[in-house]
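Trainee: Please see the structure below; I have some questions.
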Amino acid sequence: MATTFTLPLAQDTATALEHIKSGITEAGGDFEGDTDTGTFAGKTPLGTIKGSYLVKNDNEIEITINKKPMLLSKVAIKSAITDYLA
């Protein structure tokens, strides 16, 4: 079951997405998209996370997690992404 949450962007959209893209791809993950919408995938010690994003406006992004390891909670994923965007 997918989970969706909306987070604030501390930087402008293009800068924030470039930061996210670099972090994901440098860790061996995949990132495809633009300043409106896209998809991502990455590996954790517990398994793969796959999701998508939709930029709601200049300071918010909606993230949907479509696949996650069973042992990795939705709260932990949201917290990690929130910390990364800060």
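The values are calculated or read from the model by the stated rules, or taken from the named source; none is laboratory data. Because the structure is a prediction, the values reported are computed rather than measured. Counting neighbours? That spans all protein chains shown, and the Cβs are built from the backbone with ideal geometry, glycine included.
Trainee: Which residues, counting only those in segment 28-45, are surrounded by fewer than 16 Cβ atoms within 10 Å (Cβ to Cβ) and among the β-branched types (V, I, T)?
Mentor: From segment 28-45, those surrounded by fewer than 16 Cβ atoms within 10 Å (Cβ to Cβ) are 28, 30, 32, 34-37, 39, 43, 45; that's our starting set.
Of everything in segment 28-45, those that are surrounded by fewer than 16 Cβ atoms within 10 Å (Cβ to Cβ) and among the β-branched types (V, I, T) turn out to be T35, T37, T39.
Trainee: Identify the single condition in (1) in a strand (DSSP E or B); (2) of a type in the set (S, T, N, Q); (3) without any contact (Cβ under 8 Å) to a residue 60 or more places away in the chain that T64 does not satisfy, given that it satisfies every other one.
Mentor: Exception for T64: condition (3).
Trainee: Further, regarding this structure: What residue, among those in segment 57-79 that are under 15 Å from P8 (Cα atoms) and loosely packed, with under 13 Cβ neighbours inside 10 Å, is modelled with the highest pLDDT? First the steps, then the outcome.
Mentor: Of all residues in segment 57-79, those under 15 Å from P8 (Cα atoms) come to 57-64, 78-79.
Filter once more, keeping what is loosely packed, with under 13 Cβ neighbours inside 10 Å: 57-58, 79.
Numbers: N57: 85, D58: 78, S79: 89.
The selected residue is S79.
Trainee: Shifting gears a bit: Examine segment 18-27 for a residue that is surrounded by fewer than 12 Cβ atoms within 10 Å (Cβ to Cβ) and either in contact with a Ser or Thr (Cβ under 9 Å, 6 or more places away or on another chain) or assigned to a helix (DSSP H, G or I) (or both), and state whether such a residue exists. Break it down stepwise before answering.
Mentor: Taking segment 18-27 as the starting set, the residues that turn out to be surrounded by fewer than 12 Cβ atoms within 10 Å (Cβ to Cβ) are 22, 26-27.
Then drop every residue that is not either in contact with a Ser or Thr (Cβ under 9 Å, 6 or more places away or on another chain) or assigned to a helix (DSSP H, G or I) (or both), which leaves 22, 26.
The answer is yes; a qualifying residue exists.
Trainee: Which numbered condition in (1) assigned to a strand (DSSP E or B); (2) within 17 Å of P8 (Cα to Cα) is the only one that G51 fails?
Mentor: The single condition G51 does not satisfy is (2).
Trainee: Given the options T6, T82, name the one that is touching a strand residue (DSSP E or B) at 6+ places or on another chain (Cβ under 7 Å), among the β-branched types (V, I, T) and at pLDDT 90 or above. Steps first, answer last, please.
Mentor: Working: T82 fails: at pLDDT 90 or above.
Result of the check over T6, T82: T6.
Trainee: Which is free of Cβ contacts under 8 Å to residues at least 40 places away in the same chain and more than 11 Å from the chain's Cα centre (by Cα), of G33, G42?
Mentor: Details: G42 fails: more than 11 Å from the chain's Cα centre (by Cα).
Sole residue among the options that is free of Cβ contacts under 8 Å to residues at least 40 places away in the same chain and more than 11 Å from the chain's Cα centre (by Cα): G33.
Trainee: Oh, and also: Looking at segment 42-86, which of its residues are more than 17 Å from G29 (Cβ to Cβ) and hydroxyl-bearing (S, T, Y)?
Mentor: S73, S79, T82
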